[in-house]
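I have placed the structure first, in the form of structure tokens, so that the comments after it can refer back to it.
Every read-out reported here was derived from the displayed coordinates using simple, explicitly stated rules and does not represent laboratory data. None of these values were measured; they are calculated from a predicted model. When we count neighbours, we look across all protein chains shown, and the Cβ atoms used for this are built from the backbone with ideal geometry, even at glycine.
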Amino acid sequence: MRLPVPRPRSLAGQLFAMQAVLIAVLVAGYALFTYVSDRSQAEEAAGRQALAVTRSVADSPSVREAIRTSDPTARLQPYAQHVQRDTEVDFVTIMNPEGIRWTHPRPEEIGQRFRGHIEAALRGEAFTETYTGTLGPSVRAVAPVWDGGKIVGLVSAGIRVEEISKRAQGQLAALLGVAGGALALGAVGTYVINARLRRHTHGMNAAELSRMHDYHQAALHAVREGLLMLDGQFRVALVNDGGRELLGVSEEVIGQSVADLGLPPSLTGALLASEPRVDEVHLTADRVLVVNTSPVSGGERRGTVATLRDVTELQSLMGELDSERGFTQALRSQAHEAANRLHTVVSLIELGRAEEAVEFATAELELAQALTDQVVAAVSEPVLAALLLGKTAQANERGVELEVSEESRLDDGLLPPSLPARDLVTILGNLIDNAVDAAQGSARARVTVTAYAEEASLVLRVADTGEGVDPAHAEAVFERGFSTKPAGPGGRGLGLALARQAVSRHEGSLTVAAADGGGAEFEVRLPLGGVRAGEGGDSPGGVQGDVSGSGVSEGVVSGGAVSGGDV
């Protein structure tokens, strides 16, 4: 059976062990240093005490008088014992110049030779030394006794090293108590700090934290979606490569407030919101972003994590899909109407009214061709012409008449490469859809489209017969989410915002005003990059042939003509 491999100690545990050992070593070192220092100081103090006692005894007149007697011990022994008790030294020895003792704490040692050095004292100098005598190692002092200008005796007083050690040990006990308290306090403080560290590191060791950091960095650079992390004060704490690209910011934004990044107000508001945001669509200068935000909390608000997805291409494809869906619905209704017309023609033939059948069929074809000729004659640019024909059919299906004004004139080849057809479809398509929504249900539901080139600018104008736009909302209508109609399943308020975004991307202008016949009129002006009005490519006739020759276009126009009425 395999034994489980022990998990490496966490980073907090390793720091705690290291700090505890460090504190213990520091306290032990300090205690040892203090003990040695105190012992050295105690020995010096003992030497000074012994020297002071020795000099006092040597200078005492009674000692000199006793030395002159025939039996100095009789008077000096009680005196030495009295001084020994009062000065708290371990011995006071008085001797003759040859070193023969007159006094000693042990009476049997009287008359014996002094154990120690006396040469310096015989020269008249008082000194201290550490020497092992009859009482053991001691710190002693020796001083001469002068009488009449000559040395008549010597005095030695000392303190045993054992007693000095006891004094140091008493200090050491107090020191160890203080050191133990310091160690305990340091251990408790270290434990508290490391407990907090464990909470922050979630008990992971250094290797796990390093590995997580490596994966974290790799994931940030690998993820194509934008990732933005904000701290509790809504400052940028982290942004990956995708986030910088989508927001159009640099690495220098770290530490800046979101409000200072120059983002659109709606996007800034979403990032500053305290509640989570789910799949919100926001527009920047040239992108459509889906934003999700989630607060980071752990007992208190610590920040916000925001993810950003670029759906610009997806939104464009969805617009194209909506157009195709509209074409499909128009074709379905036109197929139904075509079947009704075919039955009518067949029935007329069966009734023997062939001339009326030919006249009926010819009228339908002429009406469809007239609509196609009208659109292509005004706008021969193929993409816009196809868009107008398709939107005409869609508008007719909804009971709205869509017409191209007589002043429209847009030749094929006029648009420069810097103005792609997709952006024109986005701009004009959304404006027409908005106008059809506004005009639907009005007394005379009509949408008028005007397109022409003027002084190196492309002018697109869409007017409707709806209720119009309140002047107070002249700018708000272009903001994402703004709408005067109830929100549908897919939401409202995005079409005009997308149109404004595309216009701004090409440094153009988009404005709204009241139409002459009531309703609203939206006007777009886009620079053509030096192309003069009237310059073009293929002739209208050629383009007309291309458009009218398409079966889809003929079907759409035909269906629109029948169901829409006089277009």
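Its relative contact order, with pairs defined as Cα atoms under 8 Å and 6+ residues apart, puts the stretch 117-198 at 19 percent. Given +1 at the Cβ of Lys and Arg, -1 at the Cβ of Asp and Glu and no other charges, the dipole of the stretch 115-200 around its Cα centre is 680 debye to the nearest 20. Summarising the label geometry, the points placed 7 Å from Cα in the beta-carbon direction at Val296 and Glu280 lie 2.0 nm from one another.
Using the Cα gyration tensor of the stretch 106-173, with a ≥ b ≥ c the square roots of its eigenvalues, what is the shape: rounded (a/c below 1.5), prolate (a/b larger than b/c) or oblate (neither)?
Cα axes put the stretch 106-173 in the prolate bin.
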